[in-house]
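Working notes, beginning with the structure itself.
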Amino acid sequence: MMQQMAFGVVGGLGLFLFGMRIMSEGLQRSAGARLRQLLQMLTRNRIVALLVGLVVTAVVQSSSATTVMVVSFVNAGLMNLTQAVGVILGANIGTTVTAQLIAFKIQHYALPAIGAGMGLKLFTKREKWQNTGEILLGFGLLFFGMTVMRDAFGPLRSDPMFQEWFIRFGASPLLAIGVATIFTMIVQSSSATVGITMALAATGLLDFKACVAIILGDNIGTTITANLASIGTNAAARRTARAHSLFNLCGVAWILLVLPLFMELVDAITPGNPDFVIQTAEEAALLGGAVGDKPYIARHIANAHTLFNVVNCLVFLPLLGLLTRAASWLVPDKAGAVELEFHLKYLNPKVLDTPDIALGQARLEVARMAQVTDAMLRRSWEYFQTGEEASFNRVVQKEQLVDLLQKEITDFLTHLSQKSISADASKEVADMLHVIADLERVGDHAENLAKLAARMHRNKIEFTEDARAGIRDIFAVAQEFVGFAAHHMTTRDTAILSQARAFEDRINHLEDNLREGHIRRLQEGACQVAPGLIYIDMLTNLEKIGDHAYNVAEFLAGAR
């Protein structure tokens, strides 16, 4: 019996989590860019921030996913701490949608939903219907997994040893909170804890008091994901994760003090007695369960989960300032500390399970890479003019950063492409891989220009006035072209292609004329061999920069 029960619980939980993931992916693809736009709303209005967190989490079906995204946005400077905490408060409410959904007695529709979902996935080609199929399939698997778990727990109701063990949860809420916290930390899914709690409670193994205590522990355990995501981030991002933990811990503490009143409030707004047990076959037929089941407890659990988070939000929303100050006290600024440049600002592997958000963050990181290469080229020109060692060192440092960004973005996009993403998203991933390769080459050529300038300064080589003026002109166009591409990195404007062609033509025309001028000066004896070799190498690198900048513009305009 124990083996059969274990297989049922593990298999049911697996189906439940797999169903949630599939349903979440379908919902995210259906929401599309609107989901990302919602999360990136920069508003100082705490009510709007709360609503954003609620809506996004209801779609993503995971408060952990939302808080991880928020931590990464704070790390990137897209949100401040107060905005982020507001979103997290909403996320705590949004995650209770899953519990409310599970509480509906619609298990009988699980298999038809799986069949209909697979039918749409297999026999339709339109992306809209494919997404609908995924939502239905995930919905069906979720409820089928719940049924499997509930059936697996059924035999335990007649086992005295298990009955005594589960009775301890009701007698000791702190024990229930501790177990639920640890379990939620392990599976990193509050919905999984809620699902198992409902399955145990429905079979009569848990009373309502124990279930509420488990829900409280579940809310503590779910904060672990954001804290893990904050490792290696800046102080503001770590404060966001600590604020999430503080909010949930304080909420659990004060609810625990008034636990009997809280349970009475939940019971007052929820029909039925949560601890009522079906005694006869007639009651089982009427209430849609089996003898020994608790038909009303699932809705009580769902409402307790929702009410806990709603009440906490109402309590803490006016106290956001106090909460953020407490988080800042827990993560103080280090005296004289300077944030290192050598880190990813926007990418976080934990959002890969939310492909649309992940794609948006990849765009931002690629745009940042373009800005770094633009700065490299400007520093190279600065070093050519002044010969200051600090300018050369900055070019070398930025080249190392560009190489790091290329590697990390490529790894991120490769993993993203292996997820279930739309055809348009797949093409954009491929385009971004080409763009970062071209940007990396721009960085290489900018470094080459700095090294050529270093050779000039080291050997005291001077260009003629004509050669210097020519280099200044083509350098200016190349800088303008790279800056133009970096500026339009996030606009996706197809109209930029004509301007890009004009830049490319100007660079090619200048390069041809300057080469001819150099040959003429050699023939007239006005130019020596050593400066001439550096001059030609500089022209070659600048012309190549123009080629790669044009490639980037083509991808941005969708011309490739």
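The values are calculated or read from the model by the stated rules, or taken from the named source; none is laboratory data. Treat the numbers as computed from the prediction; the structure is a model and nothing was measured. Counting neighbours? That spans all protein chains shown, and the Cβs are built from the backbone with ideal geometry, glycine included. Surface areas here come from the heavy atoms of the whole protein model, side chains and all, with no ligands, DNA or RNA. Shrake-Rupley method; radii C 1.70, N 1.55, O 1.52, S 1.80 Å.
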(request) Quickly estimate the mean residue ellipticity at 222 nm for the chain, helices only: each DSSP H run with n ≥ 4 gives -39500 (n - 2.57), and the total goes over all residues, rounded to 500. (result) -26500 deg cm²/dmol
(request) For region 178-234, with all protein chains present and a 1.4 Å probe, just round the carbon and sulfur fraction of the accessible area to a whole percent. (result) 70
(request) State the Cα centre-to-centre distance between region 75-127 and region 469-507 in whole Å. (result) 44
(request) Output ³J(HN,Hα) for region 469-483: one whole-Hz value per residue in order, computed from phi by the Karplus curve 6.51 cos²θ - 1.76 cosθ + 1.60 with θ = phi - 60°, and x for Gly and Pro. (result) 5, x, 4, 4, 5, 6, 4, 4, 5, 4, 4, 5, 5, 5, x
(message) At 1.4 Å probe radius, can you tell me the per residue accessible area of the chain in Å²?
(response) 44
(request) Quick one: which residues, 5 or more positions from Gly204 or on another chain, have an amide H under 5 Å from its amide H? H modelled 1.01 Å from N in the peptide plane, none for Pro or chain starts. (result) Lys294
(message) If you take every residue apart from Leu319 with its C-beta less than 15 Å away from the C-beta of Leu319, what net charge results, scoring Lys and Arg +1 and Asp and Glu -1?
(response) +2
(message) For the ranges 549-555, 7-13, what's the packing order if you count other beta-carbon atoms within 10 Å of each residue, average per peptide, and put the highest first?
(response) 549-555, 7-13
(message) Quick check: the angle from helix 110-123's long axis to the longest principal axis of the chain, C-alpha only, nearest 10 degrees?
(response) 30
(request) Working from Cα positions, state the angle (0 to 90°, nearest 10) between the long axis of helix 2-31 and the longest principal axis of the chain. (result) 50
(request) Would you kindly derive the ³J(HN,Hα) couplings of region 215-231 from the backbone phi angles with the Karplus curve 6.51 cos²θ - 1.76 cosθ + 1.60 (θ = phi - 60°), listing them in order in whole Hz, with x for Gly and Pro? (result) 4, 4, x, 4, 5, 6, x, 5, 6, 5, 5, 5, 5, 5, 5, 7, 5
(request) Could you state the angle between the C-alpha long axis of helix 423-458 and the longest principal axis of the C-alpha atoms of the chain, as a value from 0 to 90 degrees rounded to the nearest 10? (result) 40
(message) Show me, for region 534-546, the HN-Hα J-couplings you get by feeding each phi into the Karplus relation (A = 6.51, B = -1.76, C = 1.60, θ = phi - 60°), rounded to Hz, glycine and proline as x.
(response) 5, 4, 5, 4, 5, 4, 4, 5, 5, 5, 5, 4, x
(message) Quick check on packing: order 522-531, 494-503 by the mean number of other C-beta atoms within 10 Å, highest mean leading.
(response) 494-503, 522-531
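Within 10 Å, count the other beta carbons around each residue, average over each peptide in 452-462, 48-58, and list them highest first. Each step should come with its number before you reach the end.
On the way: 452-462: 14.7, 48-58: 23.2.
Listed from highest to lowest mean packing, they are 48-58, 452-462.
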